[in-house]
1. May I ask you to compute the full-extension gain from Arg24 to Glu161, defined as 0.36 nm times their residue separation minus their alpha-carbon distance, rounded to one decimal in nm?
2. I need the calculated FRET efficiency for the pair Asp124 and Phe66, taking r as the beta carbon distance and R₀ as 22 Å, to the nearest 0.05.
3. On a 32 Å Cα-Cα criterion, which of the cross-link pairs Lys36/Lys117; Lys117/Lys221; Lys38/Lys221 come out too long?
4. Which order do the peptides 79-89, 60-70 take when ranked by the mean count of other beta-carbon atoms within 10 Å per residue, highest first?
5. Between the alpha-carbon centers of segment 1-29 and segment 31-51, tell me the distance in whole angstrom.
6. Dipole of the chain, Cα-centred, from +1 at each Lys and Arg C-beta and -1 at each Asp and Glu C-beta, to the nearest 20 debye?
7. Once phi is turned into θ = phi - 60°, what whole-Hz ³J(HN,Hα) does the Karplus curve with 6.51, -1.76 and 1.60 give for every residue of segment 129-138, x standing for Gly and Pro?
8. Using modelled backbone amide H atoms (1.01 Å from N, in-plane), which distant-in-sequence or interchain residues come within less than 5 Å of Leu169's amide H?
Amino acid sequence: MTARIGVVTFPGSLDDRDTQRAIRVAGAEPVALWHKDKDLKQVDAVVLCGGFSYGDYLRAGAISRFSPVMDTVIDQAKAGLPVLGICNGFQILTEAHLLPGAMLGNDHLHFVCRDQKLRVENADTSWTGDYTAGQEIHIPLKNRDGRYVADRRTVDELEAEGRVAFRYLDVNPNGSLNDIAGISNAAGNVVGLMPHPEHAVESLIGTGRTDGLPFFTSILKKLVNA
């Protein structure tokens with residue numbers, strides 16, 4: 001049976017189609033999910049994609065967190081459903097308290113768009129199993145509110161428990177604490193990051209590399225072997 005991975009579209013989502021394509025390239029079946037529909041259509045995993053949901057009013061992800069679909073996503077994520085939040089999706093995950101901390105405006109107050117070098121810190125999550133710890137990759141980054149912050153105790157816990165999944169290398173593009181680019185929950189089924197792996201799955205486009213593809217092959221293998 002082909003793994004089915006849902007991609008949620010909110011008003012203002014930009015990268016839902018790119019994410020669906022990345023899932024298809026990896027060999028799974030993408031399933032479109034609408035933000036007003038609580039039914040997840042029996043998918044095996046969910047991706048909250050990038051964009052500017054609800055125009056980033058109040059705070060990035062603050063309104064989307066209360067969309068009907070998120071009630072189901074939150075409940076099922078707590079029960080073990082794999083969930084990946086990319087950029088705006090990461091912001092939504094923090095607003096929904098599925099991941100700790102918060103996302104603030106970039107410290108330089110400008111939108112940033114660049115190919116970003118990252119180091120994989122944790123290859124044991126549902127979404128990172130096809131990487132190796134310490135591996136250096138290049139993933140496109142584009143955000144205005146990408147600065148990860150949390151109180152010192154939370155950051156220390158993330159570091160101590162190995163829950164920093166990705167770290168910025170060479171340059172910190174937004175002022176995130178400890179150069180944090182992505183984190184996971186304690187169980188490893190929920191992962192959020194600011195860079196966009198869905199833009200790095202084919203050599204013809206994006207960075208010209210396929211460094212983002214293992215996100216999607218990782219979850220596919222996780223589901224097949226479950």
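The values are calculated or read from the model by the stated rules, or taken from the named source; none is laboratory data. This one's a predicted model, so the numbers in the text were calculated from it and none came from an experiment. So basically every Cβ, Gly included, is an ideal-geometry build from the backbone, and we count neighbours across all protein chains shown. Quick note on the areas: whole protein, heavy atoms, side chains included, nothing else; ligands and nucleic acids left out. Shrake-Rupley method; radii C 1.70, N 1.55, O 1.52, S 1.80 Å.
1. Values: separation 137, 0.36 × 137 = 49.32 nm, distance 3.26 nm.
Length gained between Arg24 and Glu161: 46.1 nm.
2. After rounding to 0.05, the efficiency reads 0.10.
3. Pairs exceeding 32 Å: Lys36/Lys117.
4. Working: 79-89: 24.8, 60-70: 20.9.
The most tightly packed comes first, giving 79-89, 60-70.
5. 9
6. Working: 23 positive and 28 negative charges, 59 e Å.
Dipole size: approximately 280 debye.
7. Residue by residue, segment 129-138 yields x, 8, 9, 10, 4, x, 5, 9, 9, 10 Hz.
8. Lys117, Leu118, Arg119
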